[in-house]
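This report refers to the structure that appears directly beneath it.
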Amino acid sequence: MPSRRMGGEADVESGPAAESESVYGAIERKYGELKERGIAGDELDLLLEMDIKHYFSQYMKGVDRRIRDRRDLEKMVAPDVLELTEAMVVYAEKKLGRRLAEKVMYALAMHIQTAINRLRAGTIVSHPKLNEVRAAYKQEFAVALDCLQLMEERTNIDFPIDEAGFLTMFFAFHEEQAEEREERVAIVVVMHGNGVASAMADVVNQLLAAACVHAVDMPLDADPKRIYEQVKAVLQPVASKKGALLLVDMGSLVSFSNFLEKELAVPVRVISAASTPHVLEAARKAMLGYALQEIYEEVKAAAPFYIRGPLWEEEAAEQDMLAIVTACFTGKGSALALKHILETYLQLDERMWRIIPIQMADAEEARQTLSNVAKHFRIVCIVSHLCLDERIPHFSLEDVLSLRAMKEIQALADVEEIHMHMARELTNHLRHLAPARAIPAIRAALAAIGRELGLEADGRDLVGLVFHLCCLLDRLLSGERTSGDRGAAKACGHEDEDGALYRAVKEGLFPLEQQYGVCIDEDELCHIVHFFRSLQGKRDG
């Protein structure tokens, strides 16, 4: 006699959309992503365990939002599945001696419907942390085994023991619910222009039907310090230990994250050149409870925009050695040959330099090796047939072998040596500033101003300004007032055609002011404005 089939009603949710939203689909997706990234062993187990708890919690929240009452549930699952679920809940409550929340029954019914659909379609049901669940929730697991037998009797389907692991998570949900905190990553949009950030946040909040995105507008004439304080004021009441993600357009806003982390004691990430789709994706993931780093990585991957500056712009340890890296797929012998050519044709101070040959099986391995090298050396350029890091100047094998690249590499090396010498000499003369750490920060600020103005200044052009700013910061840290030319400020051009230039300089220097707790006065700002104006003249001349 043919068995009675369960869960076959036309309205039952069983398509790809339902599958992708199930606990199964979420875990399988994450498992595949981790394997593709080369994660295995204990690290894979740990990450997967964290994600199972995360996805189960999010699944429960999702069902709670979608199903308001029994009528909604009846549209989602077949009548016999609902009847089976109710019987299981009655049995579990009797054995466990406590009531299960109504939303547990709703979510369990949805889950059983998905389980039936998967097994009928020949899809494997697998719980990757079955033993851990069994050990952590022994009583609930015993009840789940009994319920599994009931499911098999009612459906005439053989369920794998892994399904008991999933049932256990439903029966044990009350413990996790007691610990659960509705903390989310805070999403803040900060943009130049009157009302730009507010309009973007309003659009996303309307699309998601939730006030989940906060906005800070930055008028073009606003003082970066004031905007920073506004962003901090917005974050203070909403930022939790899960942290905050800033989505900004450009300029000094990119530098806010480091200072906010220190002052608010929560993790902060920043993504620049953000648009409405990026804000929408970030907010959606934050509402689902994703971790900050996960939101940051996924939104960043979807954004083919500038996220990070040159490698030497990042806050790092004080590296007192410089390096050129030669990298080849064909073997270390080729990288060594390139090293010999560079040593022959470049004039380098051997006390400062290392030319480091590396062999790589693939680009990912090479990037990891570069990351390790960068902990001890400042990498000035890379010679390889593949661009391994867009933040570091790259030269092809052909250009080095033909010697065409030697002049440009030598120029880069000369500039780095000058800054290294500068740091060493100033160490004995400055009273309050550590030049080895200040010089990279100053160069980062000047590079940001250059990018904002569309200028690619020759490194030698900036050496004098770097030196000047080192001395200026040291004087300001000592409490001295700077003596500037009052006429310079009047000729600075705040409101005329130089207004954009002035704003770019003022915003670009804000990270230095914030980092060292000083204020660069108008006269000094205007001297720097005049410097960049002269660079513009050279470019246009």
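What follows draws every value from the coordinates through simple rules; no lab data is involved. Computed from a predicted model, the values in this text were never measured in an experiment. With ideal geometry, Cβ positions are generated from the backbone for all residues, glycine too; neighbour counts draw on all protein chains shown.
Some notes on this structure:
- Built amide H within the under 5 Å cut-off of ALA186, gap 5+: SER240, GLY243, ALA244, LEU245
- Length released on extending from GLU102 to ALA411, taking residue separation times 0.36 nm less the Cα-Cα span: 104.2 nm
- With both labels modelled 7 Å from their Cα along Cα-to-Cβ, the HIS385 to ARG367 distance reads 2.0 nm.
- Sum of side-chain charges, PHE510 neighbourhood, beta-carbon under 9 Å (Lys, Arg +1; Asp, Glu -1): -1
- Violating pairs (Cα-Cα greater than 27 angstrom) within the set LYS95/LYS242; LYS94/LYS138; LYS262/LYS300; LYS242/LYS300: LYS95/LYS242
- Remark: the HIS429-GLU456 segment gains 6.6 nm on full extension, using 0.36 nm per residue and subtracting the alpha carbon distance.
- Overall, the range 342-429 carries a charge dipole of about 220 debye about its Cα centre when +1 sits on the Cβ of Lys and Arg and -1 on the Cβ of Asp and Glu, all other atoms neutral.
- Cα→Cβ-extended label distance, 7 Å offset, between ASP223 and ASP146, nm: 7.1 nm
- Site pair LEU401 and SER240 shows an inter-label distance of 5.7 nm when each label is modelled 7 Å from Cα along Cα→Cβ.
- D (Stokes-Einstein, µm²/s), Kirkwood Cα radius, the range 341-492, 1.306 mPa s at 10 °C: 88 µm²/s
- Paramagnetic reach from LYS262 in the range 509-534 [backbone N under 14 Å; point 7 Å along Cα→Cβ]: 510-519
- Length released on extending from GLU83 to ASP349, taking residue separation times 0.36 nm less the Cα-Cα span: 87.7 nm
- Charge dipole (Cα centre; +1 on Lys/Arg Cβ, -1 on Asp/Glu Cβ; no other charges) of the range 108-168 amounts to roughly 160 debye.
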